[in-house]
Amino acid sequence: MRKPTARSRTIALEQQVLAKNDRLAERNRRWMADRGIVALNLMSSPGSGKTTLLERTLRELGKDSPMGVLEGDQETLLDADRIRATGVPVVQVNTGSGCHLDAEMMARGLHSLQPEPGAVVVIENVGNLVCPALFDLGEQARVVVASVTEGEDKPLKYPNMFRTADLVLLNKVDLLPHLDFDVEAFVAHCRSVAVDADVLGVSARTGENLAAWYEWVRRCSAVSLSVPR
């Protein structure tokens, strides 16, 4: 019998970790479904403008429906303080050396946040395009935020992240006149790895096309509330 190698043991351990996470994620999903809560997993690399986009979304969309935020970072309360200033409830989840949120962290965050029935909970995941793609949190949809300052090849370099997306927001489109960024190539790269994902160009600074983003969120909420309990 061939002895297990270090690599095979590592793969087996990863499979066990992911299987446990998936079970907890399904428990989170059932808990939220029973309360008509919609969770959106917002993911990006650092510097995409994700927090700025979220701040504006909460101020403008939060007028119409209850919202809450789980804020993921390795350290500090900086982003949670920014979110709290919008008036929307927020719970900070610090991962330490961890590069992503997982379903157990999500469960603890939901317990602390206690979102009201029918609320939209936005999870601002730790900023990177690798680890968060692997871990289901129990969310209803995944949104990847990219920006025109990052380069149009990001979907090709990080296909797992874009492949799991339900929506890709291309942020900072107001900077396009000043950059050498090929929007058509970016969209084509997204399509090559994530056929079903919508791609929407927006600007969190100027508000360009944010109405379409808000409508997408509303549709997610409507679909969740229409599912029989």
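Quick notes on this one:
- Test: residue in region 170-183 that is at positive phi, open to solvent by less than 60 Å² (accessible area, probe 1.4 Å) and not aromatic (Phe, Trp, Tyr): yes
- Meets criteria (at negative phi and either in a helix (DSSP H, G or I) or open to solvent by less than 30 Å² (accessible area, probe 1.4 Å) (or both)) for Val199: no
- Region 149-164 residues that are under 20 Å from Leu137 (Cα atoms), paired with ones that are in a helix (DSSP H, G or I) (beta carbon under 6 Å, 6 or more apart): Pro159/Val193; Asn160/Ala133; Met161/Ala133; Phe162/Pro155; Phe162/Cys190; Phe162/Val193; Arg163/Val193; Thr164/Ala133
- Restricting region 165-189 to residues that are without any contact (Cβ under 8 Å) to a residue 24 or more places away in the chain and assigned to a helix (DSSP H, G or I), the residue that is nearest to Val217 (Cα to Cα): Val187
- Condition met for Arg205 (open to solvent by 70 Å² or more (accessible area, probe 1.4 Å), farther than 20 Å from Gly127 by Cα and out of contact with any Leu (no Cβ under 6 Å at 6 or more places or on another chain)): no
- Within this structure, Pro155 fails the test of being under 28 Å from Ala212 (Cα atoms), modelled with pLDDT of 95 or more and part of a loop (DSSP other than H, G, I, E, B).
- Residue check for Ala119: in contact with a strand residue (DSSP E or B) (Cβ under 8 Å, 6 or more places away or on another chain) and open to solvent by 30 Å² or more (accessible area, probe 1.4 Å): no
- Inside region 78-96, residues that are touching a residue at least 24 places away in the same chain (Cβ under 8 Å), outside any loop (DSSP other than H, G, I, E, B) and open to solvent by less than 20 Å² (accessible area, probe 1.4 Å) make up a count of 1.
- Any hit, region 146-158, residues being touching a helix residue (DSSP H, G or I) at 6+ places or on another chain (Cβ under 7 Å), surrounded by 18 or more Cβ atoms within 10 Å (Cβ to Cβ) and of a type in the set (Phe, Trp, Tyr): no
- Subset of region 130-145 (residues that are among the aliphatic types (A, V, I, L, M), part of a loop (DSSP other than H, G, I, E, B) and open to solvent by less than 30 Å² (accessible area, probe 1.4 Å)): Leu137
Matching residues to (1) out of contact with any Gly (no Cβ under 6 Å at 6 or more places or on another chain); (2) modelled with pLDDT of 95 or more; (3) surrounded by 13 or more Cβ atoms within 10 Å (Cβ to Cβ):
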| site | (1), (2), (3) |
| --- | --- |
| Ala12 | yes, no, no |
| Ala25 | no, yes, yes |
| Gly36 | no, yes, yes |
| Asn41 | yes, yes, yes |
| Leu54 | yes, yes, yes |
| Gly68 | yes, yes, yes |
| Thr76 | yes, no, no |
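The values are calculated or read from the model by the stated rules, or taken from the named source; none is laboratory data. Note that the structure is a prediction, hence the values are computed from the model and not measured. Here the Cβ is made from the backbone with ideal geometry for all residues, glycine too, and neighbour counts use every protein chain on show. In case anyone asks, the SASA skips ligands and DNA or RNA and just uses the protein heavy atoms, side chains included. Shrake-Rupley method; radii C 1.70, N 1.55, O 1.52, S 1.80 Å.
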